[in-house]
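Engineer: Encoded as structure tokens, here's the structure I'll be asking about.
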Amino acid sequence: MVKFLKLYEKIGIFILIVVASIFLAIVSPNFRKIDTILSIIQQGCYGAIIAFGMTFAITSGGFDLSVEAVMGLTSVIIAMLLPGMGFIGAIIIAILASCFVGLVNGVLITKMGISPLIATLAMQVILRGASLLITNGRQVVISQKSFMLIGATKLFGIPTPIIYMVVLFIVFFILLNQTSFGRHVAASGSNEQASKMSGLNVNLIKTVVYILVAFSASIVGIIRTSQALIGIPTMAPGFTLNVLTITILGGTSLAGGKGNLIGTLFASIFISMIYYGLNLLNVQIFYQMLAVGITLLFALFIDGLRMRYLEVVKIKGIRV
Amino acid sequence: MNANNVFIELRNIKKIFPGVVALEDVDFDVKYGEVHALVGENGAGKSTLIKILGGVYQPDSGEIIIEGKPEIIATTSIAQRLKIAVIYQEFNLIPDMSVAENIFVGREPRIARSFINWKKINNDAAEILKKLDININPRKFISELSVAEKQMIEIAKSLSMDAKLIIMDEPTATLTEKEVDKLFSIIKELRKKNVSIIYISHRLDEAFKLSDRVTVLRDGKKIETKKTIETNQDEIVSLMVGKIVKDYFSGEREKTDKGEVVMEVKNYNIADSVHNVNFKLHKGEILGFAGVLGSGIHHLLRSLYGAAQKTSGEVYFKGKKVEIRKPSEAIKLGIGYVTEDRKGEGLLNDMSVLQNLSIVIIKMLTFFKGLLIKEKKEVKVFNGMAKELDIKYANINQRIIYLSGGNQQKVIMGRTLVSECKVLILLEPTRGIDVGAKAEIHKIMTKLANQGISIIMASSELSELVNLTDRCIVFYKGKMVAEFNRDNMDEEKLVAAEIGKFSCSNN
């Protein structure tokens, strides 16, 4: 069992993808086309980008349930500001507002000692309410068609969202694995008290992490708004669960201390493949929710097994 | 009642933990209505023994006979059924429930089997409290009570279960003198009711005031059981210490004259726990801090490292007055701290050996102030420290939890040492590691001191202090009560001072 878990930790998600690929390649001739594959990746990249941020949050021992509402807030701010301020101004303000939300999350959790689960859930409701208030409960149509350039075009034949994802992946990957900040994040999630005794400013580290999550959510909010050309205050209801599923399925442990961004990236593709497969089968869209829920439970089950078994190994003193 | 009046008898109890014999052939008995004091140095086996009685551990061999019948105390609930109650130092009370609920938790009187009978639960609780002459409202929440009051609730809880044997582990460690008196009168009351009590304490005078018999444990063996009136404190102290086992590296300390003063602490106070402490730490010196639970050493050292607040006092580092408000400031000055709670505040469980060692200085090992870790440099630093401390590991990416306790301890020490500290604060540096690794840690400490690093070592192992330190300060109830140097230090004096029996400076 321990061996299986060790193996799963290393290559589990790749095996899942290979199996799913073989299956899809058999049942769908279309799957063998490059466009289809790109489209699958593109469908997955929205979840992936936010999951990069979420990977940081979970690695630091926390959680963020407010991401879908941050997307909505971003969308609304952009739609309202575009006519007056142009692209750049609107985007910058939307991103700054999101980062501020992350800062507040961080302060609530570190300074006020509210559990991340509850603090960010409350934040989700607050942001939803605020977004609806700003637009009076309506969706806001964007008249500048050129705003579509941001998220609904291709560069060198590749859809721009995929490019954003790759860039953000590189940045987040370096941040987590190659900087002292990344180490500090993992240390804080691994043992907060030990980190404090090692002189780390855990509160600051965690606050920055929540800013990163909100930042990544705002990027997706911008892309989706650009594609729809509408400011949607209630954008992407339930998407947070998707993001969590991707992160945990990718091998980032809920216990904190161990983040796996490569796993996150591939898990997003896997989830997207499930969607694609379900579409092929022509089933109702509700089945997709079912599938995500089941995948999340599966990922949590594996994560739980891992924690329990590695604990047993530790107690028995077996060297692995 | 038995003919010989014995409630519980233990025969040839043996308990082995990996690498350590915790108890060996221990015989022990408690009579009805007797207060039996159990004494011994840390690691003597007291807590193992009470955990066996409480059903937490199983003995590897031996018999337990309760009221004439052999019994196996397989779980804590069986212990309860056998009328044995253990009051541990950390209480088992639920803070957000009322006193009455806590007393009857799991056994609440009910109406029609489903609804708690609130009236009865409160009345019954009030009655028990009254019997013990404890003046606490049973409707109060546990979280509103003081430590002493919580302890009394624990006792009330034991009584409500009809306990015939109550085991108290260091009950007075955190109590004020008035509260101690109150506890004593309750214990005397219990004795009249024919309840047996095992009383564990570091404070010998208390043991003598209360007990009918005293049993001394040392290194897992029972040394002696004596009637209290037939012995005296001096005799017990020498039984506790016994012959000094020389498995220590006593070290080729380069006989340094006292070097310059590196750190000086003046009039240091922490509310309730540390009172008016003054000391100087010299360059290349190993300074020992000795004291039993409640001595305040732990609070003092944490506070010097900035991990806890002081009430008043001054700290001078290399002649300059400094304010240390958090650990990062201490590290910056060159003060290192190695925790005694390796698991709780030392190990970064999910991370590798390498990452565990470098966490304190990782920012220094990067290009552009934090961006891009210099991995080769990091490995080089690690290898250097691993060689210096002789850390044994499979590879640098191995998770730290898979190392042995001794090697984990070395990594945690290494973490502090790579930050190039001048002062090293070590708490219980050899707790929970085997004898071989212990000697190695001692060797490392001697080497560091020879290199000019000043060490403050707090230890509850007296032989370690005697063999290793240049000077040793003894704390009792938050005050410095005695100071010894290498020439006039021995275990007996330290024990005596630790339990408040010796209070002149011998320097």
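Engineer: Quick one: how many residues across the stretch B:342-364 are within 8 Å of another protein chain (Cβ to nearest Cβ) and without any contact (Cβ under 8 Å) to a residue 12 or more places away in the chain?
Structural biologist: Adding up the residues that qualify gives 4.
Engineer: Which of the residues that make up the stretch B:131-176 are touching a Phe, Trp or Tyr at 6+ places or on another chain (Cβ under 9 Å), in a helix (DSSP H, G or I) and in contact (Cβ under 8 Å) with a residue 60 or more places away in the chain?
Structural biologist: B:Gln151, B:Ile153, B:Glu154, B:Lys157
Engineer: Does B:Lys392 count as within 9 Å of chain A (Cβ to nearest Cβ), open to solvent by 70 Å² or more (accessible area, probe 1.4 Å) and part of a loop (DSSP other than H, G, I, E, B)?
Structural biologist: Considered against the rule, which asks whether it is within 9 Å of chain A (Cβ to nearest Cβ), open to solvent by 70 Å² or more (accessible area, probe 1.4 Å) and part of a loop (DSSP other than H, G, I, E, B), B:Lys392 comes out as no.
Engineer: Can I ask one more? Those residues that are farther than 15 Å from A:Ile13 by Cα and in a helix (DSSP H, G or I), I need them from the stretch A:245-291; list them, please.
Structural biologist: A:Tyr275, A:Tyr276, A:Gly277, A:Leu278, A:Asn279, A:Leu280, A:Phe286, A:Tyr287, A:Gln288, A:Met289, A:Leu290, A:Ala291
Engineer: Scan the stretch A:61-76 for residues that are open to solvent by less than 10 Å² (accessible area, probe 1.4 Å), more than 29 Å from A:Ala187 (Cβ to Cβ) and among the aliphatic types (A, V, I, L, M) and jot them down.
Structural biologist: If the condition is that a residue be open to solvent by less than 10 Å² (accessible area, probe 1.4 Å), more than 29 Å from A:Ala187 (Cβ to Cβ) and among the aliphatic types (A, V, I, L, M), then A:Ala69, A:Met71, A:Val76 are the ones that fit.
Engineer: Which residue pairs have Cβ atoms closer than 7 Å, lie 6 or more positions apart in sequence or on different chains, and pair a first residue in the stretch B:110-123 that is under 12 Å from B:Val99 (Cα atoms) with a second residue that is open to solvent by 50 Å² or more (accessible area, probe 1.4 Å)?
Structural biologist: So the pair list comes out as B:Asn122/B:Arg139.
Engineer: Given (1) touching a Gly at 6+ places or on another chain (Cβ under 7 Å); (2) within 30 Å of B:Val495 (Cβ to Cβ); (3) within 12 Å of another protein chain (Cβ to nearest Cβ); (4) aliphatic (A, V, I, L, M), where does B:Ile297 come up short, assuming only one miss?
Structural biologist: For B:Ile297, the failing item is (3).
Engineer: Among (1) without any contact (Cβ under 8 Å) to a residue 40 or more places away in the chain; (2) over 18 Å from the mean Cα position of the chain (by Cα); (3) open to solvent by 70 Å² or more (accessible area, probe 1.4 Å), there is one condition A:Leu280 misses while meeting the rest; what is its number?
Structural biologist: (1)
Engineer: Being modelled with pLDDT of 90 or more, open to solvent by 40 Å² or more (accessible area, probe 1.4 Å) and touching a Leu at 6+ places or on another chain (Cβ under 8 Å) narrows it down to one of A:Ile114, A:Ile58, so name that one. Before the answer, list the steps.
Structural biologist: Details: A:Ile58 fails: open to solvent by 40 Å² or more (accessible area, probe 1.4 Å).
Residue meeting the stated conditions: A:Ile114.
Engineer: Right, A:Ile211: among the β-branched types (Val, Ile, Thr) and more than 14 Å from chain B (Cβ to nearest Cβ) or not?
Structural biologist: Yes, satisfied.
Engineer: Considering only helices (runs of 4 or more DSSP H) fully contained in the stretch A:117-206, which possess at least 1 residues that are within 22 Å of A:Phe52 (Cα to Cα) and more than 14 Å from chain B (Cβ to nearest Cβ)?
Structural biologist: Hits in the stretch A:117-206: A:160-178.
Results for (1) touching a Leu at 6+ places or on another chain (Cβ under 7 Å); (2) part of a strand (DSSP E or B), shown as yes or no for each residue.
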| residue | (1), (2) |
| --- | --- |
| B:Leu183 | yes, no |
| B:Ile186 | yes, no |
| B:Arg191 | no, no |
| B:Ile197 | yes, yes |
| B:His202 | yes, no |
| B:Asp205 | no, no |
| B:Lys209 | no, no |
| B:Val216 | yes, yes |
| B:Ile223 | yes, yes |
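Engineer: Considering every residue within the stretch B:404-427, establish whether at least one is acidic (Asp, Glu), without any contact (Cβ under 8 Å) to a residue 60 or more places away in the chain and over 30 Å from B:Gly45 (Cα atoms).
Structural biologist: Checking the stretch B:404-427: not a single residue is acidic (Asp, Glu), without any contact (Cβ under 8 Å) to a residue 60 or more places away in the chain and over 30 Å from B:Gly45 (Cα atoms).
Engineer: What tally of residues in the stretch B:447-464 results from selecting those that are modelled with pLDDT under 90, surrounded by fewer than 24 Cβ atoms within 10 Å (Cβ to Cβ) and closer than 29 Å to B:Ser238 by Cβ?
Structural biologist: Number satisfying all stated conditions: 4.
Engineer: Go through the stretch B:371-388 and give me each residue that's crowded, with 18+ Cβ neighbours inside 10 Å and either in contact with a Lys or Arg (Cβ under 9 Å, 6 or more places away or on another chain) or over 25 Å from B:Arg431 (Cβ atoms) (or both).
Structural biologist: B:Ile373, B:Glu378, B:Val381, B:Met385, B:Ala386
Engineer: Identify all residues within the stretch A:24-55 that are over 28 Å from A:Gly238 (Cα atoms) and open to solvent by 90 Å² or more (accessible area, probe 1.4 Å); write none if there are none. Steps first, answer last, please.
Structural biologist: Pass one, the stretch A:24-55, residues over 28 Å from A:Gly238 (Cα atoms): A:25-30, A:32-34.
Listed by number, the residues that qualify are A:Ile26, A:Pro29, A:Arg32, A:Lys33, A:Ile34.
Conditions tested, residue by residue: (1) buried (at least 19 other Cβ atoms within 10 Å of the Cβ); (2) within 19 Å of B:Leu210 (Cβ to Cβ); (3) more than 30 Å from the chain's Cα centre (by Cα); (4) not charged (D, E, K, R).
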position: B:Lys131; (1), (2), (3), (4): no, no, yes, no
position: B:Ile142; (1), (2), (3), (4): no, no, no, yes
position: B:Val147; (1), (2), (3), (4): no, no, no, yes
position: B:Glu154; (1), (2), (3), (4): yes, yes, no, no
position: B:Met168; (1), (2), (3), (4): yes, yes, no, yes
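Engineer: If you don't mind, another one. Just the residues that are touching a helix residue (DSSP H, G or I) at 6+ places or on another chain (Cβ under 8 Å) and more than 8 Å from chain A (Cβ to nearest Cβ), please, taken from the stretch B:310-335.
Structural biologist: If the condition is that a residue be touching a helix residue (DSSP H, G or I) at 6+ places or on another chain (Cβ under 8 Å) and more than 8 Å from chain A (Cβ to nearest Cβ), then B:Lys310, B:Val315, B:Phe317, B:Val322, B:Glu323, B:Ile324, B:Ile335 are the ones that fit.
Engineer: Shifting gears a bit: State all residues of the stretch A:1-58 that are among the acidic types (Asp, Glu) and over 22 Å from A:Ile163 (Cα atoms); if no residue qualifies, say none. Write out each step before concluding.
Structural biologist: Keep residues of the stretch A:1-58 that are among the acidic types (Asp, Glu), which gives A:9, A:35.
Matches in the stretch A:1-58: A:Glu9 only.
Engineer: Oh, and also: Scan the stretch A:248-266 for residues that are more than 10 Å from chain B (Cβ to nearest Cβ), over 17 Å from A:Ile170 (Cα atoms) and surrounded by fewer than 24 Cβ atoms within 10 Å (Cβ to Cβ) and report the count. Steps first, answer last, please.
Structural biologist: Within the stretch A:248-266, the subset more than 10 Å from chain B (Cβ to nearest Cβ) is A:248-252, A:254, A:260-266.
Checking which are over 17 Å from A:Ile170 (Cα atoms) leaves us with A:248-249, A:251-252, A:254.
Filter once more, so that each one left must be surrounded by fewer than 24 Cβ atoms within 10 Å (Cβ to Cβ): A:254.
Count: 1.
The values are calculated or read from the model by the stated rules, or taken from the named source; none is laboratory data. In this text the structure is predicted, and so the values were computed from the model without any measurement. Neighbour counts run over all protein chains shown; Cβ positions are idealised from the backbone, glycine included. We work out accessible area using only protein heavy atoms, side chains counted, and drop any ligands, DNA or RNA first. Shrake-Rupley method; radii C 1.70, N 1.55, O 1.52, S 1.80 Å.
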